[in-house]
Amino acid sequence: MFRFNHSTAWGCGAVLILVSLGQAMWKAPLLRMVELNLCRSYYETQDPKVISPNGDVDERFCKVLPVQKELATIFAYNILFTALIELLTAFPYATLCGRFNRRTVLLVNVGSAAAGLCHTMCICYFYQIFSTRLIWAQCIYRLFGGGESVLLSLTNALIAETIPAANLSKALFSLNAARLFVNAASQTLGARLMQKSIWLPMSVGISIYSLVFPVLFLIIDPRHQKYKSPSEVATKVTVTVPSATIAGGEETDPLLDSSISSGPSSGPSRPAISVEQRHNESPLYMVWNSFTSAFLAVIHVCRNPIAAPTLVLFFWNELGHGVNTIIPQWASCTFSWTLADTNYFLAAQRAIAAITLVVLTLIIHWLQAIGKPAARLDLGLVIFCQSATLLGMFCTIASSLYTSARWRNVQYVCAVLLYMMGWGMNGALQSTVTRAIDPDHITLVYTGLNVAERLATMTSGPVFAALLAEGLERGGVWEYLPYWVSLGFFLIVSVLTVRLVRMLAKV
């Protein structure tokens, strides 16, 4: 484990919080803007009198089925294309981190994300010129930097490398709680601002995103410092890499090599490579080497007895959470809420999840103080989070049994808030798995976890959009079809969780 670095840990935390703040400010306004553009197009042919002289359309007229089906389709494929780009770039960017400072990669990442937001804003503003579906092109910007998948994997890896393992779960839970509180506050503020002007929260979100750039300079990449020390460069040390070790027994990150061995004794030693030779490699060779290393990295992760089942668990868990992508639209159509109202509801969800994470962090701190082993506490957190998620989703479906609309709404809101209490599942799993893997493989495994999430996102976006459209069209109890499917995914997660917990208990 590398030297504890307060600047890096705080810098990564601040980056994630600012990104969450900027993204949350966009959610409801973007949904409303796309809905408005589709609504204009629909009523231009059906009933032009509905459109006001300034081009606005009352939101209650936009809840018709054709508009909502098109809205669900646009956002579903936007999620699909974005996740696909992030999936293709995740491991290549992770391997490039062996040659470039991770702070540099993060600078490119945040810059490309900001460019994508500006692109989306322009498409929505010039709706008379561009088709609304051109917002899908924003995913192209993620080729430069890798998108949110790379951002999360690199920042989480840097935090894990600079914080002692015993404190990692508390740090991740505290960070996630802070992000959720900020998310809730940002969505509340965004809902208030969009009542004045729909463009105001979008402009504020872009401004907040720009604050990430100076914060990135607080981050110091410990691996970059380790391999690029002045004494190493001055003497042009020659490094011989047998499998995953360097001469003298010190471990090195397999991401820095163009091949990854499966064990300490597998395969012959690589030829000696000087630091000067590594720096003089052509950019084209470095990119090709990154892609080949990415392919071998996938094989390496899949062969790890702990990482492989964790990746599968992450995939199914994120697949179940795909229902979150349609909650605002579903609640708006089913309960006749405005999108501003749904934004307040989403803010309440984030606040409940944040409070739960804070309470769990305090409980962990107290139990560690009285001598409870941190590894066992992490396993307990995994079980608690999964139980809360499963129970919340079951109660959400049970709310459909109420004949009274008032009580149905009340139980639905309470059930979704209960479901959000299990939001710390991924953080608990990351902390648990970190203990069972080689510290030098953290970046690789964390990238794999984010790739598993993106694979699930690619699948869940179109699936839940289709389920939403089918449920709205059939009406009645069929409206809860997305939640039934989500419950099925979480039942699979429960089985996988039990198996993983038993496996980790033996480590």
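The values are calculated or read from the model by the stated rules, or taken from the named source; none is laboratory data. All values derive from a computational prediction rather than experimental measurement. Heads up, the Cβs are rebuilt from the backbone with ideal geometry, glycines too, and the neighbour counts pull from every protein chain shown.
Worth pointing out:
- Residue among 77, 127, 93 that is of a type in the set (Ser, Thr, Tyr), at negative phi and surrounded by 22 or more Cβ atoms within 10 Å (Cβ to Cβ): 93
- Looking across segment 191-207, just one residue is closer than 26 Å to residue 10 by Cα and crowded, with 20+ Cβ neighbours inside 10 Å, and that is 205.
- Yes/no for residue 390 being farther than 26 Å from residue 313 by Cβ and assigned by the TED database to the domain that holds residue 426: no
- Subset tally (residues that are under 30 Å from residue 121 (Cα atoms), part of a helix (DSSP H, G or I) and not β-branched (Val, Ile, Thr)) for segment 134-178: 20
- Here residue 42 passes the criteria (1) touching a residue at least 40 places away in the same chain (Cβ under 8 Å); (2) touching a helix residue (DSSP H, G or I) at 6+ places or on another chain (Cβ under 8 Å); (3) of a type outside the set (A, V, I, L, M, F, W, C) except the one numbered (1).
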